[in-house]
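A.B. asks: Please read through the structure below; I'll follow up with questions.
The values are calculated or read from the model by the stated rules, or taken from the named source; none is laboratory data. Computed from a prediction, not measured in an experiment: that's the story for all the values here. In this analysis, Cβ positions are derived from the backbone assuming ideal geometry, glycine residues included, and neighbour counts consider all displayed protein chains. The area values use the complete protein model at the heavy-atom level, side chains included, leaving out ligands, DNA and RNA. Shrake-Rupley method; radii C 1.70, N 1.55, O 1.52, S 1.80 Å.
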Amino acid sequence: GCGVNKIMTVEASGIAIAVAVGAVMHLPVVFAKKYRTGNVSGETYSALVHSYTHGNDYNMVIAKEYLSADDTVLIVDDFLAKGAAVEGLMDVAAQAGAKVAGAAIAIEKGFQEGGKRLRATGIRVESLAIVECMHDGEIEFRPQ
């Protein structure tokens with residue numbers, strides 16, 4: 001009921017989940033590349049993102065031909081920790097004038113601030129599982 005017409009993610013691990021969601025919803029999937037490569041031609045939208053997993057910055061890009069002000073996107077990703085990737089995708093969507101209906105996450109690291117910070121901005125974030133904490137080889141999930 002949110003008018004979503006595209007699924008949006010960032011390469012590489014988010015693509016499989018985004019494609020599955022796109023297949024179920026019968027919607028196309030657009031993904032941001034972490035680096036501009038030879039197969040990204042023309043003008044692009046971009047956002048600088050810090051990867052806490054890899055400890056580096058990257059400039060995610062989406063060719064302008066794939067995203068416009070007519071789009072309402074659902075951001076889909078595998079993990080949510082600090083929220084930088086989702087924020088980068090939200091930035092790219094805003095540059096295009098597209099609306100963000102929300103974010104669908106497979107696993108959220110509830111012990112990191114990303115989910116809480118994103119929800120505080122008003123974006124709807126839904127996670128299949130939220131890891132509350134990890135200690136001594138045990139994983140504790142947040143009750144849902």
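A.B. asks: Filtering the range 18-29 down to residues that are more than 11 Å from the chain's Cα centre (by Cα) and of a type in the set (A, V, I, L, M, F, W, C), which residue is nearest to residue 89 (Cα to Cα)?
C.D. replies: Out of the qualifying residues, it is 29.
A.B. asks: Please specify each residue of the range 65-89 satisfying the condition of being in a helix (DSSP H, G or I) and touching a strand residue (DSSP E or B) at 6+ places or on another chain (Cβ under 6 Å).
C.D. replies: Selection gives 66, 84, 85, 86, 88, 89.
A.B. asks: A further question on this structure: Would it be correct to say that residue 93 is closer than 14 Å to residue 77 by Cβ, surrounded by 15 or more Cβ atoms within 10 Å (Cβ to Cβ) and without any contact (Cβ under 8 Å) to a residue 60 or more places away in the chain?
C.D. replies: Against the criterion (closer than 14 Å to residue 77 by Cβ, surrounded by 15 or more Cβ atoms within 10 Å (Cβ to Cβ) and without any contact (Cβ under 8 Å) to a residue 60 or more places away in the chain), residue 93 does not qualify.
A.B. asks: Do any residues in the range 129-142 that are touching a residue at least 12 places away in the same chain (Cβ under 8 Å) have Cβ atoms under 8 Å from those of residues that are open to solvent by 30 Å² or more (accessible area, probe 1.4 Å) and among the aromatic types (Phe, Trp, Tyr), where the two are at least six apart or on different chains, and which pairs are they?
C.D. replies: Matching pairs, first to second residue: 129/141; 130/141; 131/111; 131/141; 132/111; 132/141; 133/111; 134/111.
A.B. asks: Cβ-Cβ under 9 Å, sequence separation 6+ or interchain: first residue in the range 98-114 and closer than 7 Å to residue 80 by Cβ, partner assigned to a strand (DSSP E or B) and acidic (Asp, Glu). Which pairs?
C.D. replies: Once the first residue is closer than 7 Å to residue 80 by Cβ and sits in the range 98-114, its partners that are assigned to a strand (DSSP E or B) and acidic (Asp, Glu) give 105/77; 105/78; 105/126; 114/108.
A.B. asks: Within the range 20-36, which residues are without any contact (Cβ under 8 Å) to a residue 12 or more places away in the chain, open to solvent by 70 Å² or more (accessible area, probe 1.4 Å) and assigned to a helix (DSSP H, G or I)?
C.D. replies: 24
A.B. asks: Considering only the range 6-19, state which residues are in a loop (DSSP other than H, G, I, E, B) and open to solvent by less than 50 Å² (accessible area, probe 1.4 Å).
C.D. replies: Selection gives 11 alone.
A.B. asks: Examine the range 98-112 for a residue that is modelled with pLDDT of 95 or more, open to solvent by 70 Å² or more (accessible area, probe 1.4 Å), not aromatic (Phe, Trp, Tyr) and not in a strand (DSSP E or B), and state whether such a residue exists.
C.D. replies: Scanning the range 98-112, I find no residue that is modelled with pLDDT of 95 or more, open to solvent by 70 Å² or more (accessible area, probe 1.4 Å), not aromatic (Phe, Trp, Tyr) and not in a strand (DSSP E or B), so the answer is no.
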